[in-house]
Amino acid sequence: MAHAFTHDATPPARSEPRYRGRFAPSPTGPLHRGSLVTALASWLDARAHDGIWIVRMEDLDEPRCVPGAADTILATLSRLGLHSDEPVVWQSQRHAQYEQALASLTARGLVYPCGCTRREIADSLTRVHARHSTLAYPGTCRHGLHGKTPRAWRLRVPDGEAARIRFDDRWMGPQTQDLATEVGDFVLKRADGQWAYQLAVVVDDQAQGMTHIVRGADLLDSTARQIYLQACLDAPTPRYLHVPLVLADDSEKLSKQNGAAPLVTDTPEAALAALKDAATHLGLPASLAHAAHREDFYAAATQAWRVQHGE
């Protein structure tokens, strides 16, 4: 099968392109403490490497997107002094690029239609794994639909040792995931016609020339899939850094869905306090709490990040 390989995501020894990173919020509500931690970490990593920082609005999941939330997010970032170095990219305007990528993968025999429902998948498993809002897939439709109606499009993953994806996360350390046993063939286009996160993020990271990805640890589990998909699309693999999540009182990820309070940034003092709180979560020096102005905070925080994560 094409692209059956063991992938080592260690960057090659060569002259690297200039650092390019991004913050990619979903406009399902206003920014909260957890999303600010990710935004600040990605911004600091870009600045510590004298790089480019871009905001990308991941607004593909239309049913979950809240009208006006994207503008609210951008306004909050502006009040925090976090400005995209290039025009904001909107995933909702990039359907043609995702269609082109799917067509390329299909032409290479790497994608097939799937007629299974979520219940059918769950019923066919002896173990059920949660994988970024999907269930592990047992390959039921790999060899044909057997009379079922196509619902989604899946990417074939390799079997055996070739399915084992290894990469070194800059925060979490060495990682390994077996795509065949832990994930299965995963969805690129959903039954409702929506593009899957895995495809959109890989296509966009390639198109924008991303060299480094800084994001929340909830997406660590998606990274092996994205590395494999990058190889299938002849895209380079960025370096990854997954920051610890901000947890709610119930120890679940703090999110808009579980009632995370919007950031308060209506005054310079409130914005600075929010930034200091995020820096504390990221393990940056306590001395940052003494910064009296946003500019002083950013200068000290960038230097601290460079010392801790400047490799």
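Under a Cβ-only charge scheme (Lys and Arg +1, Asp and Glu -1), can you give me the dipole magnitude of the stretch 160-311 about the Cα centre, in debye to the nearest 20? Don't skip to the end; give the middle numbers.
Numbers: 13 positive and 21 negative charges, 47 e Å.
Using only the charged Cβ atoms, the result is roughly 220 debye.
Considering amide H positions built from the backbone, and no H for Pro or chain starts, which residues 5 or more places from TYR137, or on another chain, come under 5 Å of its amide H?
So TYR137 has HN proximity to GLY184, ASP185.
HIS212's amide H: which non-local residues (gap 5+, or another chain) put their own amide H closer than 5 Å, with H modeled 1.01 Å from N in plane and none for Pro or chain starts?
ARG20, ARG239
With only alpha-carbon atoms counted, please give the Rg and Dmax of the stretch 148-221, in Å.
Computed over the Cα atoms of the stretch 148-221, radius of gyration and Dmax are 14.3, 44 Å.
Once label points are set 7 Å from the Cα along Cα→Cβ at both ARG18 and ALA75, what is their separation, rounded to one decimal in nm?
3.2
May I ask you to derive the FRET efficiency for GLU295 and VAL66 from their Cβ-Cβ distance with R0 = 41 Å, giving the value to the nearest 0.05? The partial results should precede the final answer.
Values: r = 32 Å, r/R0 = 0.78.
It comes out at approximately 0.80.
Which whole-Hz couplings ³J(HN,Hα) result when phi for each residue of the stretch 277-283 is put into the Karplus expression 6.51 cos²θ - 1.76 cosθ + 1.60, θ = phi - 60°, listed in order with x for Gly and Pro?
Karplus values, whole Hz, x for Gly and Pro: 4, 5, 5, 4, 4, 7, x.
Over the Cα atoms of the stretch 59-104, compute the convex hull volume and normalise it per residue, giving Å³.
On the way: hull volume 4.1 nm³, N = 46.
Dividing the Cα hull volume of the stretch 59-104 by its residues yields 90 Å³.
Test of understanding: extend the Cα→C-beta vector of SER92 to 7 Å, then name every residue of the stretch 48-65 with backbone N under 19 Å from that spot.
Within reach of a label on SER92, which here means backbone N under 19 Å from a point 7 Å along Cα→Cβ, the stretch 48-65 contributes 55-65.
Among LEU40, GLN91, CYS141, whose Cα sits farthest toward the positive end of the charge dipole of the chain (+1 at Cβ of Lys/Arg, -1 at Cβ of Asp/Glu, about the Cα centre)?
CYS141
Taking only Cα atoms of the chain, what ratio of Rg to Rh do you get with Rh as the Kirkwood inverse-distance radius? List each step's numbers first, then the result.
Working: Rg = 20.1 Å, Rh = 20.6 Å.
Here Rg/Rh amounts to 0.98.
For THR176 and GLU269 in one chain, what is 0.36 nm times their gap in residues minus the Cα-Cα distance, to one decimal in nm? Intermediate values should be presented prior to the final figure.
Values: separation 93, 0.36 × 93 = 33.48 nm, distance 4.29 nm.
Full extension from THR176 to GLU269 adds 29.2 nm.
Against the longest alpha carbon principal axis of the chain, how many degrees, from 0 to 90 and to the nearest 10, is the axis of helix 197-207 turned?
For helix 197-207, the angle is close to 70 degrees.
In debye to the nearest 20, how big a dipole does the chain give about its Cα centre with +1 on each Lys and Arg Cβ and -1 on each Asp and Glu Cβ? It would help to have the intermediate numbers written out before the result.
On the way: 33 positive and 36 negative charges, 134 e Å.
The dipole magnitude comes to about 640 debye.
If I compute solvent accessible area with a 1.4 Å probe over the protein chains, what percent of it on the stretch 185-311 is carbon and sulfur? Working shown, then result.
Details: 2880 of 5260 Å².
Carbon and sulfur together cover 55 percent of it.
Taking amide H positions as placed in the peptide plane 1.01 Å from N, state which residues far from HIS32 in sequence (5 or more) or on other chains have amide H under 5 Å from it.
Counting only residues 5 or more places away or on other chains, the set is LEU263.
Just to be sure I understand the model, the point goes 7 Å from the Cα along the line to the Cβ. What's the resulting ALA207 to HIS143 distance in nm?
3.8
Tell me the label-point distance for the pair ASP234, ARG118, using the 7 Å Cα-to-Cβ offset, in nm and rounded to one decimal.
Calculated label separation equals 3.7 nm.
If I measure Cβ to Cβ between cysteines in the chain, which ones have no partner under 4.7 Å?
Unpaired cysteines in the chain: CYS65, CYS116, CYS232.
Add -39500 (n - 2.57) for each DSSP H run of 4 or more in the chain, then divide by its residues: what number comes out at 222 nm, to the nearest 500 deg cm²/dmol? Mind dumping the intermediate values first?
Values: 8 runs with 98 residues, N = 311.
Dividing the helical sum by the residues of the chain leaves -10000 deg cm²/dmol.
Using the Karplus equation 6.51 cos²θ - 1.76 cosθ + 1.60 (θ = phi - 60°), what ³J(HN,Hα) coupling, rounded to whole Hz, does each residue of the stretch 94-105 give in order, writing x for Gly and Pro?
Whole-Hz 3J(HN,Hα) from phi for the stretch 94-105: 10, 4, 5, 5, 5, 4, 5, 5, 4, 4, 5, 5.
The values are calculated or read from the model by the stated rules, or taken from the named source; none is laboratory data. Just so it is clear, the model here is predicted, and its values are computed rather than measured. We place every Cβ from the backbone using ideal geometry, glycine too, and count neighbours over all the protein chains shown. Surface accessibility is based on the protein's heavy atoms, side chains included, excluding ligands, DNA and RNA. Shrake-Rupley method; radii C 1.70, N 1.55, O 1.52, S 1.80 Å.
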